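*Asks:* So that we are looking at the same thing, I have put the structure below in structure tokens.
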Amino acid sequence: MELSRRDFLKLSGGASVAGVLAYKTLDPGLASAGSLQLDLNKPIGEIPAICCYCGVGCGAIVAAEADKILNIEGDPDHPINQGTLCPKGQALAQIRQLNGEINPQRLTEPLYRAPGSTEWEPKSWEWIIETIARRVKDTRDKYFITEAQNASGATVTVNRCEAIGQIGGGELDNEECYLAVKLARALGLVFLEHCARL
Ligand code: SF4
């Protein structure tokens, strides 16, 4: 049978009316409400996050209820990992909790081990940042080299500091690495290393 456009619209309209009538017959309560009432106040929230374990920077979706993580999975909309996560990324929740409880080994404040000491002691962020800045400044002032001899014995300008080294972490992404290396080079550092060096 060949359907004209008008026939098609008539049939579609009839089917819709039939559907509405059937729906009202099945559940008069819902019909009187005029529309389905869905509870949108669910306690579970899904939050986009970035995996902190390596510089790839995969996107994850974290589902949490109250203060507990219920599920973590790859973000399908993230351009880098497109929904996948490696085993480390799948274990992201362990940073915060273990077997449903707060992970007792989770670091929540900076720890400092004094030279010669075998003990780590908690310090405030203010103290840690101030101490690092002070030591970098003092060390650079003391050991900065402006000139050195090259292989031919000629004196050349070098402007470098060999007394400080920098080691990067696999958690740093491209932008953070860019800034970290910029800072190191600006200070005259020449010894830069990375934990994920292959
Ligand atoms: S550790 Fe795995 S999931 Fe996390 S950013 Fe790196 S590759 Fe992605």
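*Asks:* At pLDDT 95 or above and loosely packed, with under 13 Cβ neighbours inside 10 Å: is that true of Arg134 in this structure?
*Replies:* For Arg134, the condition - at pLDDT 95 or above and loosely packed, with under 13 Cβ neighbours inside 10 Å - is met.
*Asks:* Right, here's the next one. Take the conditions more than 16 Å from the ligand (Cβ to nearest atom), touching a Pro at 6+ places or on another chain (Cβ under 8 Å), closer than 30 Å to Arg185 by Cβ and assigned to a helix (DSSP H, G or I) and apply them to Ile132. Does it pass?
*Replies:* no
*Asks:* Further question: Within the stretch 37-51, how many residues are modelled with pLDDT under 85 and either out of contact with any Leu (no Cβ under 7 Å at 6 or more places or on another chain) or in a loop (DSSP other than H, G, I, E, B) (or both)?
*Replies:* Result for the stretch 37-51: 8.
*Asks:* Looking only at the stretch 149-175, count every residue that is surrounded by 13 or more Cβ atoms within 10 Å (Cβ to Cβ), without any contact (Cβ under 8 Å) to a residue 40 or more places away in the chain and over 22 Å from Leu111 (Cα atoms) and tell me the total.
*Replies:* Counting residues in the stretch 149-175 that are surrounded by 13 or more Cβ atoms within 10 Å (Cβ to Cβ), without any contact (Cβ under 8 Å) to a residue 40 or more places away in the chain and over 22 Å from Leu111 (Cα atoms) gives 5.
*Asks:* Considering Gly165, Gly170, which residue is under 25 Å from Gly55 (Cα atoms), in contact with a Phe, Trp or Tyr (Cβ under 6 Å, 6 or more places away or on another chain) and either in the same structural domain as Gly89 (by TED's automatic domain parsing) or outside any helix (DSSP H, G or I) (or both)?
*Replies:* After applying the criteria, what remains is Gly165.
*Asks:* Can you tell me which residue within the stretch 52-97, out of those that are within 8 Å of the ligand (Cβ to nearest atom) and assigned to a strand (DSSP E or B), is surrounded by the fewest Cβ atoms within 10 Å (Cβ to Cβ)?
*Replies:* Here the answer is Gly74.
*Asks:* Check the stretch 86-97 and report whether any residue there is at pLDDT 85 or above and on the phi > 0 side of the Ramachandran plot.
*Replies:* Scanning the stretch 86-97 turns up no residue that is at pLDDT 85 or above and on the phi > 0 side of the Ramachandran plot.
The values are calculated or read from the model by the stated rules, or taken from the named source; none is laboratory data. Just so you know, these numbers come straight off a predicted model, no measurement behind them. We place every Cβ from the backbone using ideal geometry, glycine too, and count neighbours over all the protein chains shown.
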